[in-house]
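Colleague: Structure incoming, see below.
The values are calculated or read from the model by the stated rules, or taken from the named source; none is laboratory data. Given the structure is predicted, the values throughout are model-derived calculations rather than measurements. Glycine gets a Cβ as well: all are built from the backbone with ideal geometry, and neighbour counts include every protein chain shown. Quick note on the areas: whole protein, heavy atoms, side chains included, nothing else; ligands and nucleic acids left out. Shrake-Rupley method; radii C 1.70, N 1.55, O 1.52, S 1.80 Å.
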Amino acid sequence: MKNILLICGSGASSGFMAAAIRKAAKKRKVEVTVKAASESQLDDRINEIDYLLIGPHLSYMLNDLQEQTKDKNVKAAVIPQAVYGTLNGEKALDLILKMED
């Protein structure tokens, strides 16, 4: 089971993306939990997750977030704008699966 947290500015747009990823994962029979939150909630949830996906509008925060998660064994990545903007759950799931390697 992979525990994934998506963050964006307010948590609203990441909620739609999280739903799209859950749908794609169910279709592929990949076991994940996907939650969405605002970036300000990361500290509260960091111990519950394996992967952190960041909305493209927060890409400037990637280095700081990687620093914040490195001791927690959490892998972080920015969701590409083309994937996030179209709410492409399949491509976002591909990104998560590639992060495992």
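Colleague: Test Gly55 against the criterion of being free of Cβ contacts under 8 Å to residues at least 60 places away in the same chain and open to solvent by less than 10 Å² (accessible area, probe 1.4 Å), and give yes or no.
Modeller: Details: free of Cβ contacts under 8 Å to residues at least 60 places away in the same chain: yes; open to solvent by less than 10 Å² (accessible area, probe 1.4 Å): yes.
Spelling it out, Gly55 is indeed free of Cβ contacts under 8 Å to residues at least 60 places away in the same chain and open to solvent by less than 10 Å² (accessible area, probe 1.4 Å).
Colleague: In segment 62-91, what residues are among the charged types (D, E, K, R), open to solvent by 100 Å² or more (accessible area, probe 1.4 Å) and in contact with a helix residue (DSSP H, G or I) (Cβ under 8 Å, 6 or more places away or on another chain)? Spell out the reasoning first.
Modeller: At the first step, the residues of segment 62-91 found to be among the charged types (D, E, K, R) are 64, 67, 70-72, 75, 90-91.
Within this subset, residues satisfying the condition of being open to solvent by 100 Å² or more (accessible area, probe 1.4 Å) are 64, 67, 70-71, 91.
Correct list: Lys91 only.
Colleague: Scan segment 8-47 residue by residue and report those that are over 16 Å from Ser59 (Cα atoms), open to solvent by 50 Å² or more (accessible area, probe 1.4 Å) and in a helix (DSSP H, G or I).
Modeller: Listed by number, the residues that qualify are Ala12, Phe16, Arg22, Lys23, Lys26, Lys27, Arg28, Gln41, Asp43, Asp44, Arg45, Asn47.
Colleague: Show the residue pairs meeting these rules: Cβ distance below 7 Å; 6+ apart or different chains; first residue within segment 9-20 and under 13 Å from Glu39 (Cα atoms); second residue among the aliphatic types (A, V, I, L, M) and open to solvent by 20 Å² or more (accessible area, probe 1.4 Å).
Modeller: From segment 9-20, the pairs are Gly11/Ala36; Ser14/Ala36; Gly15/Ala36.
Colleague: Looking at this structure, is Ala25 touching a Leu at 6+ places or on another chain (Cβ under 7 Å) and either of a type in the set (Val, Ile, Thr) or at pLDDT 95 or above (or both)?
Modeller: Details: touching a Leu at 6+ places or on another chain (Cβ under 7 Å): yes; either of a type in the set (Val, Ile, Thr) or at pLDDT 95 or above (or both): yes.
The answer is yes for Ala25.
Colleague: Every residue in segment 10-40 that is on the phi < 0 side of the Ramachandran plot and more than 13 Å from the chain's Cα centre (by Cα), please.
Modeller: Our first condition is that a residue be on the phi < 0 side of the Ramachandran plot; within segment 10-40, this holds for 10, 12-28, 30-40.
Ser10, Ala12, Lys23, Ala24, Ala25, Lys26, Lys27, Arg28, Val30, Glu31, Ser40 - these are the residues of segment 10-40 that are on the phi < 0 side of the Ramachandran plot and more than 13 Å from the chain's Cα centre (by Cα).
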